[in-house]
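For reference, the structure discussed in these notes is given below.
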Amino acid sequence: MSTQTVTVTGMTCGHCATSVRDEVGGLPGVRAVEVDLSSGLVTIDSDNQLDPSAISDAVAEAGYAVAG
């Protein structure tokens with residue numbers, strides 16, 4: 001089990017959070033995705049460590065960007 005946290009910029013509402021949750025949750029091995037809208041923190045629980053570029057791509061697919 002692995003937990004990773006990224007900061008996502010541009011999320012402003014519940015729909016934003018749902019979009020990010022759905023896209024990141026679709027990555028292979030992801031078990032849970034928690035989005036803290038106020039801080040932009042997205043916590044991902046997965047079977048194995050995810051490739052950071054895969055996370056960034058999923059966030060981009062939702063229309064947002066990973067900070068830093």
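The values are calculated or read from the model by the stated rules, or taken from the named source; none is laboratory data. All of these numbers come straight from a predicted model, not from anything done at the bench. Neighbour counts run over all protein chains shown; Cβ positions are idealised from the backbone, glycine included. Just the protein is used for accessible areas: all its heavy atoms, side chains included, with ligands, DNA and RNA removed. Shrake-Rupley method; radii C 1.70, N 1.55, O 1.52, S 1.80 Å.
A few notes on this one:
- Inside region 49-68, residues that are touching a residue at least 60 places away in the same chain (Cβ under 8 Å) and touching a helix residue (DSSP H, G or I) at 6+ places or on another chain (Cβ under 7 Å) make up a count of 1.
- Matching residues, region 1-28, being touching a strand residue (DSSP E or B) at 6+ places or on another chain (Cβ under 6 Å), more than 14 Å from V59 (Cβ to Cβ) and open to solvent by 30 Å² or more (accessible area, probe 1.4 Å): T3
- Within region 12-53, the set of residues being basic (K, R) and more than 10 Å from the chain's Cα centre (by Cα) comprises just one member, R31.
- The set of residues from region 1-48 being touching a residue at least 24 places away in the same chain (Cβ under 8 Å) and assigned to a helix (DSSP H, G or I) comprises C16, S19, V20, D22, E23, V24.
- Filtered residues of region 42-68 (kept if surrounded by 13 or more Cβ atoms within 10 Å (Cβ to Cβ), within 11 Å of T5 (Cα to Cα) and of a type outside the set (A, V, I, L, M, F, W, C)): T43, D45
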